[in-house]
Amino acid sequence: MQLHWLAKLRWGAVLSESVLVLCVHRATVQLPLGRLFTILALTALGNAALALHLRRRGARGARASGFRVEWAPSRCARDQHLLGAVLAFDVLALTTMLAFTGGPLNPFSSLYLVYIALAAVVLQSQGIWAIVGLSAAGYAGLFVQSWASGDFFGPDHARHMRIHLKGMWLAFMVAAVFIGYFVQRVQRALRDRERELARVRAQQADHEKLAALATLAAGAAHELSTPLSTIAVVARELATQLERSGAPAASVEDAALIRTEVARCRGVLDQLVADAGATVGDAPTPTPVSRLIELARVGLAQAPAIETDVEPALDGRTVRVPPRALALALHSVLENAQDASTSTVRVRARARGDRVVFEIEDRGSGIDAATLARVGDPFFTTKEPGRGMGLGVFLTRSVVAQLGGELHLDSTPGQGTTVRLSVPGLSRA
């Protein structure tokens, strides 16, 4: 990333230096244009080679993987060496141009500070001090050359001093602008890093909560499996005895209802373990979008009705995800939408690049801003006691985040809520 930025910056430097050399040559001092533009041409050729190298490397990385590639330590070391070599070349080029245009008396010798500031932005400690030493050596060499060749100003000392002072002001402005830009870039990078660290910390905290919930769910399932099995066996024997003894049909139905509810409890425990993250470990499988919606609708109430709209662009395309995990996440959102809505719940699926976006829209009472800010916190719910534990959105967001996706909620009080769930991995079947 720094190499790309430096390559763009050097193109601007070559252009601005060319314009500056021509302006000074026409307005004030006759300069050796041939030598100066030879140095600028070499700089441009070197930058073109750098840009070509970066383009080829980017193409190789894109062919090697369709995912984002993190910088390996070996690549970072190579980039540091390349950055140092580029800056060292620029310092030497500046020294040579100054040697042809007045040496230490040239006011643009202050541009050494620009390269030192640039090195402080992109290089590590050793590289920074290397550029500092090279700049100091180059500047000292200009003094040696000046002492050996005599006074650059010549007999018209006063005129050249006026030009020198104007050049000092212009050089100061150039150096100030560049250094200010570099410092601003560092501050922006630090702010971005702080935001990224905060995001990673929040994500880690969510993962820790999810792990705790998974442990709690597994423990609950283990502890309750034995008593539920006992109740199921006793209920079956009770139903058999009632049938043999000719008990009223209502009693037999009650015994059967006990067995049905026990089976339901076991299913709830199994789903709780799955919702807590066990299914995210399932192998990603290319699954049609319509199939994911079908899986998500299993077990939902008949009313309010759910209206599905899958755009034609998704026909014949699949998304590579753990199907059960994503289906359970969608199921949780649809269940909440049905609980909140007074009319039809709409599900839309759209293709956005390599992502599929699910939009679940209800026509409920909506959520105010203060409540919306807390939606997704573990054990926070706006439902009546006994109708929810406040884990649905939290678990859904955790599952989607682990799949590399995003979950957004938009709500307007009195109009309803729209949940947008996007996941990557969309491809042709």
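Numbers below:
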item: Subset of the stretch 112-164 that is among the hydroxyl-bearing types (Ser, Thr, Tyr) and at pLDDT 85 or above - its residue that is surrounded by the most Cβ atoms within 10 Å (Cβ to Cβ); result: Ser135
item: Checklist (1) over 22 Å from Tyr181 (Cβ atoms); (2) exposed (fewer than 12 other Cβ atoms within 10 Å of the Cβ); (3) under 31 Å from the mean Cα position of the chain (by Cα); (4) modelled with pLDDT of 70 or more applied to His53, failing item; result: (2)
item: Some residue of the stretch 224-237 being out of contact with any His (no Cβ under 7 Å at 6 or more places or on another chain), of a type outside the set (A, V, I, L, M, F, W, C) and modelled with pLDDT under 80; result: yes
item: Selection status of Gly404, closer than 26 Å to Pro322 by Cβ, at pLDDT 80 or above and part of a loop (DSSP other than H, G, I, E, B); result: yes
item: Count of the stretch 257-284 residues which are modelled with pLDDT of 65 or more and either basic (Lys, Arg) or touching a Lys or Arg at 6+ places or on another chain (Cβ under 7 Å) (or both); result: 4
item: Hey, Leu314 within 16 Å of Thr396 (Cβ to Cβ) and either in contact with a Phe, Trp or Tyr (Cβ under 6 Å, 6 or more places away or on another chain) or assigned by TED's automatic domain parsing to the domain that holds Val400 (or both) or not; result: no
item: Pairs with Cβ under 6 Å, 6+ apart, first in the stretch 18-39 and under 19 Å from Val91 (Cα atoms), second outside any helix (DSSP H, G or I) and of a type outside the set (Ser, Thr, Tyr); result: Arg35/Phe100
item: Positions within the stretch 413-429 being farther than 26 Å from Ala202 by Cβ and of a type in the set (S, T, N, Q), in sequence order; result: Gln415, Ser427
item: Members of the stretch 343-363 found to be part of a loop (DSSP other than H, G, I, E, B) and closer than 14 Å to Ile306 by Cβ, listed by number; result: Ser343, Thr344, Asp362, Arg363
item: Filter result (more than 18 Å from Pro424 (Cβ to Cβ), modelled with pLDDT of 85 or more and touching a Lys or Arg at 6+ places or on another chain (Cβ under 6 Å)) within the stretch 313-368; result: Glu361
item: First in the stretch 231-243 and under 15 Å from Ala263 (Cα atoms), second anywhere and of a type in the set (Gly, Ala, Ser), Cβ under 6 Å, 6 or more apart; result: Ala235/Ala255
item: Positions within the stretch 9-43 being in a helix (DSSP H, G or I) and polar (S, T, N, Q), in sequence order; result: Ser16, Ser18, Thr38, Thr43
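The values are calculated or read from the model by the stated rules, or taken from the named source; none is laboratory data. Remember, it's a predicted structure, so these values are computed and weren't measured experimentally. Using ideal geometry, Cβ is built from the backbone for each residue, glycine included, and neighbour counts are taken over all protein chains shown.
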